[in-house]
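Colleague: Please find one structure pasted underneath; my questions will follow.
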Amino acid sequence: MPKGSPELTEARREEIINACEKLYQTMSFKEITIKEIGNATSFTRTSIYNYFQTKEEIFLALLKREYELWIASLKRTMERVDTMTRDEFADMLAHSLEERSQLLKIMSMNHYDMETGSRPEHLAAFKVVYGEAIRTVMFGLDKYFPDMAVSGKQDFIYTFFPFMFGIYPYTFVTEKQRTAMEAAGVNYVFMTIYEITFKCVKRLLNG
């Protein structure tokens with residue numbers, strides 16, 4: 001365990017996560033190393049091991065924080081809005097994910113590596129927040145669509161959350177991928193995060 005106050009421990013954890021987040025803006029998951037992250041912090045690389053043993057644990061902590069921010073955004077909206085139509089609920093979810101493209105990027109590109117490369121206690125802490133995300137969306141379904149069957153709400157959850165893994169790779173396409181799809185005769189229709197999410201939620205709510 002690192003020495004120091006809980007405040008210092010949390011501040012250093014956040015500095016490590018912030019350094020990882022900044023590197024991820026210009027580097028790929030494979031390119032980023034503990035050494036690279038250490039170089040972007042104010043303390044030594046070896047000190048990182050007091051908080052995280054692998055870069056996967058750091059990325060998992062970043063993903064956890066992204067989920068927490070998404071959950072907070074949804075809760076703020078649902079606390080101030082008493083009723084929503086299907087379109088308005090779809091709009092809320094679509095806008096909330098549009099603001100969290102990094103959440104979608106990490107979960108779609110590196111999720112398996114993060115989970116397999118993290119210690120059980122880190123993975124468990126992440127799963128707690130992931131479970132809270134599911135409960136938050138379910139709360140919205142209960143609040144705004146009380147007449148919706150329980151099975152329908154469960155179907156929504158078990159379709160929408162796996163769907164989220166495919167949003168980023170569908171909406172962020174490289175020029176190389178575009179060229180390959182054209183060469184293969186694939187009729188690719190570009191959609192934004194908002195558009196693809198809104199359409200999915202509307203269809204799920206309409207059964």
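Colleague: Percent relative contact order of segment 61-205, based on C-alpha pairs within less than 8 angstrom and at least six residues apart? Please report the intermediate quantities before stating the final value.
Modeller: Working: 103 pairs, mean separation 57.4, N = 145.
Once divided by the residue count of segment 61-205, the mean separation gives 40 percent.
Colleague: Ok, one more. Compute the projected area of the convex hull of the Cα atoms of segment 132-204, averaged over all viewing directions, and report it in nm² to one decimal place. It would help to have the intermediate numbers written out before the result.
Modeller: Details: hull surface 23.4 nm².
Averaged projected area of segment 132-204's Cα convex hull equals 5.9 nm².
Colleague: Quick one: 3J(HN,Hα) in Hz for segment 181-191, Karplus 6.51/-1.76/1.60 with θ = phi - 60°, rounded, Gly and Pro as x.
Modeller: Values per residue, Gly and Pro as x: 5, 5, 5, 8, x, 7, 7, 7, 10, 6, 9 Hz.
Colleague: Now for a different question. Just one of (i) 19.2, 60; (ii) 16.6, 50; (iii) 16.0, 46 is Rg and Dmax of the Cα atoms in Å calculated from these coordinates, so which is it?
Modeller: It is the one labelled (i).
Colleague: Report, in degrees rounded to the nearest 10, the 0 to 90 angle that the Cα long axis of helix 86-98 makes with the longest principal axis of the chain.
Modeller: That works out to roughly 20 degrees.
Colleague: From the backbone phi of segment 30-35, what are the Karplus-calculated ³J(HN,Hα) couplings (6.51 cos²θ - 1.76 cosθ + 1.60, θ = phi - 60°) in whole Hz, Gly and Pro given as x?
Modeller: For segment 30-35, the Karplus curve yields 5, 6, 6, 10, 4, 4 Hz.
Colleague: Can you tell which of ILE196, GLY207, PHE43 lies farthest toward the positive end of the dipole of the chain, using +1 and -1 charges on the Cβ of basic and acidic side chains (Lys, Arg; Asp, Glu)?
Modeller: Selected residue: PHE43.
Colleague: What dipole magnitude, in Debye to the nearest 20, does the chain give about its Cα centre under +1 on Lys/Arg Cβ and -1 on Asp/Glu Cβ? Write out the running numbers ahead of the final one.
Modeller: Values: 26 positive and 28 negative charges, 62 e Å.
Charge dipole of the chain: 300 debye, to the nearest 20.
Colleague: Counting alpha carbon pairs within less than 8 Å and at least 6 residues apart, what relative contact order, in whole percent, applies to segment 1-51?
Modeller: Details: 29 pairs, mean separation 19.8, N = 51.
Across segment 1-51, relative contact order equals 39 percent.
Colleague: What ³J(HN,Hα) values, in whole Hz, does the Karplus curve 6.51 cos²θ - 1.76 cosθ + 1.60 give for segment 145-158 when θ = phi - 60°, with x put for Gly and Pro?
Modeller: 9, x, 7, 6, 4, 4, 5, x, 5, 5, 4, 4, 4, 6
Colleague: Ok, one more. Which of the lysines could be linked to LYS127 by a straight reach, that is with a Cα gap under 26 Å, when you skip same-chain ones fewer than 8 residues away?
Modeller: Candidates past the 8-residue exclusion: LYS22, LYS30, LYS55, LYS64, LYS75, LYS105, LYS143, LYS153.
Colleague: Further question: Determine the shape class of segment 1-51: with a ≥ b ≥ c the square roots of the Cα gyration tensor eigenvalues, call it rounded for a/c under 1.5, and otherwise prolate if a/b is greater than b/c, oblate otherwise. Walk me through the numbers on the way to the answer.
Modeller: Numbers: a/c = 2.77, a/b = 1.95, b/c = 1.42.
Because a/c hits 1.5 or more and a/b exceeds b/c, segment 1-51 counts as prolate.
Here, each number is a calculation from the coordinates, and none is a lab measurement. None of the values given here were measured: they were computed from a predicted structure. Virtual Cβ from ideal backbone geometry, glycine too; neighbours counted across all protein chains shown.
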